[in-house]
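Working notes, beginning with the structure itself.
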Amino acid sequence: MDRFDRIYAVHKTLVRAHIPVSRRALQEELECSAATVKRVIEEMRLYLEAPILYERERNGYYYAKSADGGLYELPGLWFNAEELHALLACQHLLEHVQPGLLGAELGPLRTRIAKLLSAQHSTQGELSRRVRLLAMARRRGSGAQFKSVASALTLRRRLRIHYHGRARDAETERTLSPQRLVHYRDNWYLDAWDHRREGLRTFAVDRIRHAELTEVPAREVSDEDLDEVLGSAYGIFSGRSTAEAVLRFSAHQARWVADEIWHPEQRGAFLDDGRYELCVPFADPRELVMDILKYGPEVEVVAPSDLRLQVRERLLAAIRRYD
């Protein structure tokens, strides 16, 4: 029985008992020495703020009742050591994915986890040294707007926003029924039903200038419809797939591209000469073109012809700039 199991066993025993529990009874329950029982109780008092009192007359331990007459409960959900380490890792990842986004909200959780891990002398500080996250093209966003979006999403309420779109460089007012949050390429996006456009749209959370939670229930959209409209095309741009890109990568690049997932419904196969052919569905070509260009001479767009032409023009424009 490890330390966390012993803490849980002491807690259950004290909750069930109607009279103070002797140290000998706890020894039998935990199958340990008197010194171990004493140490477990001290750790519960120190790290878990457990109100365990000792009654000398009855030679036993008991929980002091709270002001409302209730008994002490273990803080939050109860995890074993491995689960706590995993939870701490998740919190660490979220904190570094978007620094400061939920700092105030996660602070108490981080403190409580640290206390629980300290109860078994865990080196939770190692995580910060051993995990490194490198963000690429992360945009600055407002934590306040993120919280409003998350609240509307959870409470299933409509959200009234002022949204500044980059493409048209204009601000519009929208009423949205939030459906899901998407973290994509180090930035947050909101998939929502746009009541102004009467359709599903994707909004960059960092472009929301003002967000107001309303009392109107959100319109519900099935997961199937969300995936069909917003998840079938390539990248973050919404819309049903209307074409399929056929890309051929050099034999040198094939060893890496063959292991990459560009789209859930992609198809790929090695050619006889060692090249790799990747077929990807798409609707809006903008993001796909950017991803193709980063491979330079290692990839050729075979089809469709208009996508091939776009990539060719971008490459020629780049050459002209260097000339």
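The values are calculated or read from the model by the stated rules, or taken from the named source; none is laboratory data. Everything numeric in this text was worked out from a predicted model, so none of it was measured. Counting neighbours? That spans all protein chains shown, and the Cβs are built from the backbone with ideal geometry, glycine included.
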Item to check | Count of segment 220-264 residues which are of a type outside the set (Asp, Glu), touching a residue at least 24 places away in the same chain (Cβ under 8 Å) and in a loop (DSSP other than H, G, I, E, B) | outcome: 17
Checklist outcome for this item: Residue set Asp194, Asp169; condition charged (D, E, K, R) and at pLDDT 90 or above; output residue Asp194
Checklist entry - In the list Arg219, Arg308, Arg275, which residue meets the criterion of being touching a Ser or Thr at 6+ places or on another chain (Cβ under 7 Å) and not assigned by TED's automatic domain parsing to the domain that holds Ala204? => result Arg275
Next on the checklist: If Ala254 meets every condition in (1) buried (at least 18 other Cβ atoms within 10 Å of the Cβ); (2) closer than 26 Å to Tyr189 by Cβ; (3) over 27 Å from the mean Cα position of the chain (by Cα) apart from one, which number is that one?
Outcome noted: (2)
Checklist entry - Could you say whether any residue in segment 267-274 is of a type in the set (A, V, I, L, M, F, W, C) and within 23 Å of Phe237 (Cα to Cα)? => result no
Next on the checklist: Being not in a strand (DSSP E or B) and not small (Gly, Ala, Ser): is that true of Thr172 here?
Outcome noted: no
Item to check | Single match in Glu313, Glu224 (criterion: farther than 30 Å from Arg158 by Cβ and among the acidic types (Asp, Glu)) | outcome: Glu313
Next on the checklist: One residue is enough: does segment 203-219 have a residue meeting the conditions over 24 Å from Met290 (Cα atoms), touching a Phe, Trp or Tyr at 6+ places or on another chain (Cβ under 7 Å) and part of a helix (DSSP H, G or I)?
Outcome noted: no
